[in-house]
Amino acid sequence: MKSIVAAKKKNSRRYGDNLWGDANSPYNRRSYRPGQHGQRKAKITDYGQQLIAKQKLKVYYGNISEKQFHKYYAEAIRRTGDSAENLVGLLESRLDNLVYKSKFASTVFAARQFVNHGHVTVNGKKVNIPSYMVKAGDVIEVREKSKKLACVLAAIESQTRDWPEYLEVDAKKLTAKYTFVPKFQDIPYAAVMEPNLVIEYYSR
């Protein structure tokens, strides 16, 4: 599991940012891209910037598949209001992301596996679908039989990140209420994210 996560975190170097603000990120040691020509600086086209913005968001939320990510884009432009804001609101409402942001898991990848294995409930009902869309007011909870797992205790006690303001977390009961769907400015991205460029990418 550790090797899988480490390999995925190499994307931080690929896209030129420490995506999760991880102190152990490979990007902190070598900020250039991986590969033989990684240290070369090349001009990036508008299309290239849009592509990178899309890939960074996809990876940040757990390396979402292109098919699923495009569905989020389609839903974002279907809704009224700012499409970029709609997109990050949809992504942030994924159950695996909110499990990660609640600090019930140490990484978004671990959170996906945690949900898949049936360790989480939403409003008292077990949900094992990582992409499940949590609504404002819903309560996420680690199942009773899973609350003593070492990985959960280690994650909740971690001092490396704080809970976002749109989650009311009870660290003792291991519950988290999703109080509102955040706007872009509310989301504690460690790296520069540009959802507006993602909308432009798909709108070409």
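The values are calculated or read from the model by the stated rules, or taken from the named source; none is laboratory data. Everything numeric here is computed off the predicted structure, so don't read it as measured data. Cβ sites come from the backbone with ideal geometry, for glycine too, and all protein chains shown count toward neighbours. Surface accessibility is based on the protein's heavy atoms, side chains included, excluding ligands, DNA and RNA. Shrake-Rupley method; radii C 1.70, N 1.55, O 1.52, S 1.80 Å.
Within segment 152-204, count every residue that is farther than 30 Å from Gln50 by Cβ, open to solvent by 80 Å² or more (accessible area, probe 1.4 Å) and not acidic (Asp, Glu).
6
Mind checking which helices (runs of 4 or more DSSP H) fall wholly inside segment 95-204 and carry at least 1 residues that are over 14 Å from the mean Cα position of the chain (by Cα)?
Here the list reads 108-116, 150-156, 195-203.
Quick check on segment 181-193. Is at least one of its residues over 22 Å from Glu85 (Cβ atoms) and either modelled with pLDDT of 95 or more or in contact with a helix residue (DSSP H, G or I) (Cβ under 9 Å, 6 or more places away or on another chain) (or both)?
No, because not a single residue in segment 181-193 is over 22 Å from Glu85 (Cβ atoms) and either modelled with pLDDT of 95 or more or in contact with a helix residue (DSSP H, G or I) (Cβ under 9 Å, 6 or more places away or on another chain) (or both).
Here is a check on your reading of the model: is Leu57 open to solvent by less than 70 Å² (accessible area, probe 1.4 Å) and at pLDDT 95 or above?
Against the criterion (open to solvent by less than 70 Å² (accessible area, probe 1.4 Å) and at pLDDT 95 or above), Leu57 qualifies.
Is there any pair with a first residue in segment 86-106 that is within 17 Å of Lys148 (Cβ to Cβ) and a second that is open to solvent by 10 Å² or more (accessible area, probe 1.4 Å) and among the small types (Gly, Ala, Ser) whose Cβ atoms are under 7 Å apart and which are 6 or more apart or on different chains, and what are they?
Every condition considered, the pairs that remain are Lys103/Ser158; Ser106/Ala154; Ser106/Ser158.
Going by the conditions given, is Pro195 touching a Leu at 6+ places or on another chain (Cβ under 7 Å), farther than 13 Å from Val99 by Cα and touching a residue at least 40 places away in the same chain (Cβ under 8 Å)?
Criteria met by Pro195.
Answer yes or no as to whether Gln50 is at pLDDT 95 or above and within 23 Å of Val120 (Cα to Cα). Walk me through how you get there before you give the answer.
On the way: at pLDDT 95 or above: yes; within 23 Å of Val120 (Cα to Cα): no.
Answer is no for this residue.
Identify the single condition in (1) at pLDDT 95 or above; (2) of a type outside the set (Phe, Trp, Tyr); (3) open to solvent by 40 Å² or more (accessible area, probe 1.4 Å); (4) at negative phi that Asn86 does not satisfy, given that it satisfies every other one.
Tallying (1) at pLDDT 95 or above; (2) of a type outside the set (Phe, Trp, Tyr); (3) open to solvent by 40 Å² or more (accessible area, probe 1.4 Å); (4) at negative phi, Asn86 fails exactly one: (3).
Given the structure, is Val122 surrounded by 13 or more Cβ atoms within 10 Å (Cβ to Cβ), in contact (Cβ under 8 Å) with a residue 40 or more places away in the chain and closer than 13 Å to Ser102 by Cβ?
Against the criterion (surrounded by 13 or more Cβ atoms within 10 Å (Cβ to Cβ), in contact (Cβ under 8 Å) with a residue 40 or more places away in the chain and closer than 13 Å to Ser102 by Cβ), Val122 does not qualify.
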